[in-house]
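Worksheet: the structure to be examined is printed underneath.
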Amino acid sequence: MSAAGMHAGGALAGLTPGFSDPVGAAQAVFRLCLERLSRPGTLAEVRSDAALPAGLHVASGALLLALLDQDTRLWLSPAAAGAAAYLRFHTGCVPVDDPAEADFALAASVRELPQLERFAQGSEDYPDRSTTLIVQVESLATDAGWTLRGPGIADSVRLSAAGLGAAFALDWAANRRRFPCGVDVFLASDSRLAGLPRTTRLEDSACT
Amino acid sequence: MNPTDLPAAVERDANFNFGYLDERTKRMIRRAILKAVAIPGYQVPFGSREMPLPYGWGTGGIQVTASVIGPQDVLKVIDQGADDTVNAVSIRRFFQRTTGVAVTERTVEATLIQTRHRIPETPLAEGQVIVYQVPVPEPLQRLEPRETETRRMHGLAEYGLMHVKLYEDIARYGHVATTYDYPVMVDGRYLMAPSPIPKFDNPKLHMNPALQLFGAGREKRIYAVPPWTSVESLAFEDHPFEVQRWSQPCALCGSTQSFLDEVIVDDRGGRMFVCSDTDWCRQRRPADA
Amino acid sequence: MYVAVKGGERAILNSYALLGEVRRGDPALPELSLEQIREQLRLAVDRVMCEGSVYDPELAALAIKQAAGDLVEAIFLLRAYRATLPRLGYTLPLDTAHMRLWRRVSATFKDLPGGQLLGSTYDYTQRLLDFSLAAAGEAPVAAQAAPAAAEAVPRVVDLLGDEGLIEAHVPAAGDPEPRDLTREPLTFPAERAVRLQNLARGDEGFLLAMGYSTQRGYSHSHPFAGEIRHGLAEVEIEPEELGFAISIGDLELTECQMVNQFAGSKTQPPQFTRGYGLAFGASERKAMAMSLVDRALRAGELGEAAESPAQMQEFVLSHSDSLEASGFVQHLKLPHYVDFQAELELVRRMRAGLQAAGEEEERAA
């Protein structure tokens, strides 16, 4: 954090605190992310004692605090732009304006979610060089919505994300077709977190 | 030896970071692991660090474990299927010293298993994570040593070279002559080296409920097989994939379904066969054995 | 009996104790101090600092002592220590034209501005064992003079450059920050800054052999040692809050600029090209070998066919690191009985198959 602090200087006094136990919290939050991405369609409850700025849900804020550092470029949608100083101070991440340059990106709401192809897609040779995108939604549930299939899912599971409808399903199908390139998505709603790796297929887009 | 014979407790040494690695390195590795899970079987390059163990001795597995492990984990470390081989002991001590986590020899008790060369015989469960130590992550390396070339092949899913190699084996010997590190296709897309496990273990990779992570420190690659993912061993229609079989059961527990180590007992050709998975073998023996 | 084969905890602890004993040798003899190692085995210290990529003679001496003089092991110890150190900042580029020189030789010009400076070297010693060193308490010899004050001594390549006879080294557009090999994995093709980092940390023996191979026809090289200089270079940092550079100390360095022929192309007149070597301390063999290999690795960029091992990036850069090479070669002593069992089963089955086929044939005959 010292390098980040050095750049931030005194102008950022008044920023709210991050994790009280950065080492332990980063590990615990990462592990939840890993579990969710390994088992698409399952939900985690993220606990975090960070005092997040307006615009960040608990789950998305914790994920960014846990995974970003000086080597990561972050794109924030307009409604989350106010969180940039906070995230930069606590992680050292580098804010970028162009989603195609982002290692991580946060859409504060479904309304602010760009087309997925606007993010970094990686290349055939290096498909890992693609954006990890967090989309904040109003609610997440596993008893309704899409049917999910693919790696990490024994047979099928269901997932609904409020506000993500047919348009997203189409966009996701296009993302799926770009495999091995493409973005990976985390869905966050308050403290709830779900993972959608690029391998997951969404079927029966009956979600509201 | 009974299960309570675990090595004397090793104290957590607070002079080291939790898991030895610094936080920035852990974050870099964690991000690589997430991408590995999202692209099953694809080798993610990562900034592997020099570890206080030599390259080739499990530094990749150790870096992956160190980035995943938390205070609540219960760790099992095996080498050749056994918890008490020297390198397994050494790696387990390293994590006891740098994390203070609980350790176990029981496969069912472990939340995190680091392994070299075996997958436990006891089926793994949802929620468990198994970390493989990988010496050579590139399945094509012995056929094409240039990384720029093999990367192209993976990009285009152009695996003719490997099929030709296996087919040449069949033409020459009547069967595929690869017995360990037998190449697999993950989710129908990426050719992957399962690490030098015997091909006996390959079927366990397929649709495994546990998360499987692979770390190659010297070659600086991380890859993964998510739970419930298709992993097929390469084969031909007229030459289906087969695993090793033994003509006798384990001399200690009588198991007929496990991979057996051959132990030479004298210099007159005497030998016995015993389970390579020491936990499996112990669980199957009567309590007084 | 079976379990005993697998060694275990007690064996490892015993091995630690034995190692300590063997390292110490005869306890009747005084123990080596770090100061003695640093002062009297300084070339070993230099090599360990260079390949261990930490400039710290104290730590290098400690590593040499702990490794009982096994330099590859000492390099490993230093690297493992280095891997956990935080980054506090970055220095400005070193200015080797302003080095305070102890030694400076050029094989290309008899005399030149700044002159030739022989300094301390084994070059013209007759390699006869000096039995006077075998007796304790050898007479002190004249101490090495402090290097001359920082006065620019122009580099030979710069003199050639003034005439346009040697390729210019212009930073790439925007002067991008070099990638850091210790934080990012090596990817191919690797740009020159990354290659030089790799070579600087590379095993001296490996580089020496690769460099030597370029002199024996395995690549088209016609090298001249344009200049070798050894001395102290000032290290400067520019803290953001200050806005100007401050000196934080000196590094002892050896720099080698190898000058090579280049026939020219349709667009470029014939001129000389460079190979570059830089090493911590007095490490002349290393710097020279490095400069030969650096030049050979530029084959692609200069339109030369890359046909020899020393010209092949993947071959050189993937095999230069002593930690990687030593670790993987020596991992063969780890247990492999599962894989061996798998092979044993196959060989037995194949032999049985052959034998059965042979008997079949005999019966048929």
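The values are calculated or read from the model by the stated rules, or taken from the named source; none is laboratory data. Just so it is clear, the structure is predicted and the values come from calculations on it, not from any experiment. We place every Cβ from the backbone using ideal geometry, glycine too, and count neighbours over all the protein chains shown.
Please determine whether any residue of the stretch B:210-221 is more than 20 Å from B:Trp57 (Cα to Cα), in contact with a Leu (Cβ under 6 Å, 6 or more places away or on another chain) and at pLDDT 95 or above. Yes, the stretch B:210-221 has at least one match. If you go through the stretch A:143-174 and keep only what is outside any loop (DSSP other than H, G, I, E, B) and among the acidic types (Asp, Glu), you end up with A:Asp143, A:Asp171. Evaluation of A:Ala144 against the conditions (1) touching a residue at least 60 places away in the same chain (Cβ under 8 Å); (2) touching an Asp or Glu at 6+ places or on another chain (Cβ under 9 Å); (3) surrounded by fewer than 19 Cβ atoms within 10 Å (Cβ to Cβ) shows that the sole unmet condition is (2). Filtering the stretch B:168-201 down to residues that are at pLDDT 95 or above and hydrophobic (A, V, I, L, M, F, W, C), which residue is nearest to B:Pro227 (Cα to Cα)? Ranking the qualifying residues of the stretch B:168-201, first place goes to B:Val186.
Within this structure, C:Met350 fails the test of being under 30 Å from C:Lys266 (Cβ atoms) and not basic (Lys, Arg). When the stretch B:54-66 is filtered for residues that are under 14 Å from B:Tyr132 (Cα atoms), facing chain C (nearest Cβ under 7 Å) and among the hydroxyl-bearing types (Ser, Thr, Tyr), nothing remains.
Consider the stretch A:31-78 and keep the residues that are more than 15 Å from the chain's Cα centre (by Cα) and among the aliphatic types (A, V, I, L, M). The one that is farthest from the other protein chains (Cβ to nearest Cβ) is A:Ala54.
Applying the condition of being in a strand (DSSP E or B) and touching a Phe, Trp or Tyr at 6+ places or on another chain (Cβ under 7 Å) to the stretch B:222-235 and asking which residue is farthest from the other protein chains (Cβ to nearest Cβ) yields B:Ser233. Out of everything in the stretch B:1-49 that is more than 9 Å from chain A (Cβ to nearest Cβ) and closer than 15 Å to A:Leu68 by Cβ, what residue ends up being modelled with the lowest pLDDT? Per the criteria, the residue is B:Thr25. Of all residues in the stretch B:78-105, those that are outside any strand (DSSP E or B), charged (D, E, K, R) and under 18 Å from the mean Cα position of the chain (by Cα) total 4. In the stretch B:67-77, the condition of being over 18 Å from the mean Cα position of the chain (by Cα) and more than 8 Å from every other protein chain (Cβ to nearest Cβ) is met by at least one residue.
Exactly one residue out of C:Ala67, C:Ala74, C:Ala60, C:Ala44 is under 30 Å from C:Glu238 (Cβ atoms), among the aliphatic types (A, V, I, L, M) and either under 24 Å from the mean Cα position of the chain (by Cα) or within 14 Å of chain B (Cβ to nearest Cβ) (or both), and it is C:Ala60. Tell me, please, whether a residue that is touching a helix residue (DSSP H, G or I) at 6+ places or on another chain (Cβ under 8 Å), within 14 Å of chain B (Cβ to nearest Cβ), part of a strand (DSSP E or B) and under 14 Å from A:Thr199 (Cβ atoms) can be found in the stretch A:175-184. Looking through the stretch A:175-184, at least one residue is touching a helix residue (DSSP H, G or I) at 6+ places or on another chain (Cβ under 8 Å), within 14 Å of chain B (Cβ to nearest Cβ), part of a strand (DSSP E or B) and under 14 Å from A:Thr199 (Cβ atoms). Applying the selection to the stretch B:156-192, what residues are away from chain C (no Cβ under 13 Å) and within 16 Å of B:Val136 (Cβ to Cβ)? Those that are away from chain C (no Cβ under 13 Å) and within 16 Å of B:Val136 (Cβ to Cβ): B:Leu161, B:Met162, B:Lys165, B:Pro183, B:Val184, B:Tyr190, B:Leu191, B:Met192. Screening B:Gln141 with (1) in a loop (DSSP other than H, G, I, E, B); (2) away from chain A (no Cβ under 14 Å); (3) buried (at least 21 other Cβ atoms within 10 Å of the Cβ) gives one miss only, at (3).
List the pairs whose first member sits in the stretch A:96-113 and is under 23 Å from A:Ala167 (Cβ atoms), whose second member is part of a helix (DSSP H, G or I) and hydroxyl-bearing (Ser, Thr, Tyr), and whose Cβ atoms are under 9 Å apart, counting only residues at least 6 apart or on separate chains? These pairs meet every condition: A:Leu106/A:Ser60; A:Ala108/A:Ser60.
Per-residue answers, yes or no, for (1) touching a strand residue (DSSP E or B) at 6+ places or on another chain (Cβ under 9 Å); (2) farther than 19 Å from B:Tyr182 by Cβ; (3) more than 10 Å from chain C (Cβ to nearest Cβ); (4) not in a strand (DSSP E or B):
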| site | (1), (2), (3), (4) |
| --- | --- |
| B:Asn202 | yes, no, yes, yes |
| B:Gly215 | yes, yes, yes, no |
| B:Gln248 | yes, yes, yes, yes |
| B:Thr256 | no, yes, yes, yes |
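Does B:Thr178 satisfy the condition of being under 16 Å from B:Ser233 (Cα atoms), free of Cβ contacts under 8 Å to residues at least 40 places away in the same chain, surrounded by 16 or more Cβ atoms within 10 Å (Cβ to Cβ) and within 18 Å of the chain's Cα centre (by Cα)? Answer is yes for this residue.
In this structure, is C:Glu304 facing chain B (nearest Cβ under 8 Å) and in contact with a helix residue (DSSP H, G or I) (Cβ under 9 Å, 6 or more places away or on another chain)? So C:Glu304 fails the test.
Which one is farthest from C:Ser120 (Cα to Cα), of the residues in the stretch C:31-74 that are basic (Lys, Arg) and in contact (Cβ under 8 Å) with a residue 60 or more places away in the chain? So the residue we want is C:Arg47. Note on the stretch C:168-204: residues that are part of a helix (DSSP H, G or I) and over 17 Å from C:Thr254 (Cβ atoms) amount to 5. At pLDDT 85 or above, surrounded by 10 or more Cβ atoms within 10 Å (Cβ to Cβ) and in contact with a Phe, Trp or Tyr (Cβ under 6 Å, 6 or more places away or on another chain), is that true of C:Thr121? Answer is no for this residue. Based on what the data block shows, is A:Pro127 closer than 25 Å to B:Ile222 by Cβ, crowded, with 21+ Cβ neighbours inside 10 Å, within 12 Å of chain B (Cβ to nearest Cβ) and touching a His at 6+ places or on another chain (Cβ under 9 Å)? When the stated conditions are applied, A:Pro127 does not pass them. If you go through the stretch B:26-42 and keep only what is touching a helix residue (DSSP H, G or I) at 6+ places or on another chain (Cβ under 8 Å) and either among the basic types (Lys, Arg) or in contact (Cβ under 8 Å) with a residue 40 or more places away in the chain (or both), you end up with B:Lys26, B:Arg27, B:Ile29, B:Arg30, B:Arg31, B:Ile33, B:Val37, B:Tyr42. Comparison of B:Arg151, B:Arg116, B:Arg92, B:Arg106 shows that the only residue that is more than 21 Å from B:Met192 (Cα to Cα), of a type in the set (Lys, Arg) and either within 11 Å of chain C (Cβ to nearest Cβ) or in contact with a Phe, Trp or Tyr (Cβ under 9 Å, 6 or more places away or on another chain) (or both) is B:Arg92.
Scanning the stretch A:159-171 for residues that are closer than 16 Å to A:Thr42 by Cα and surrounded by 17 or more Cβ atoms within 10 Å (Cβ to Cβ) turns up A:Leu159, A:Ser160, A:Ala161.
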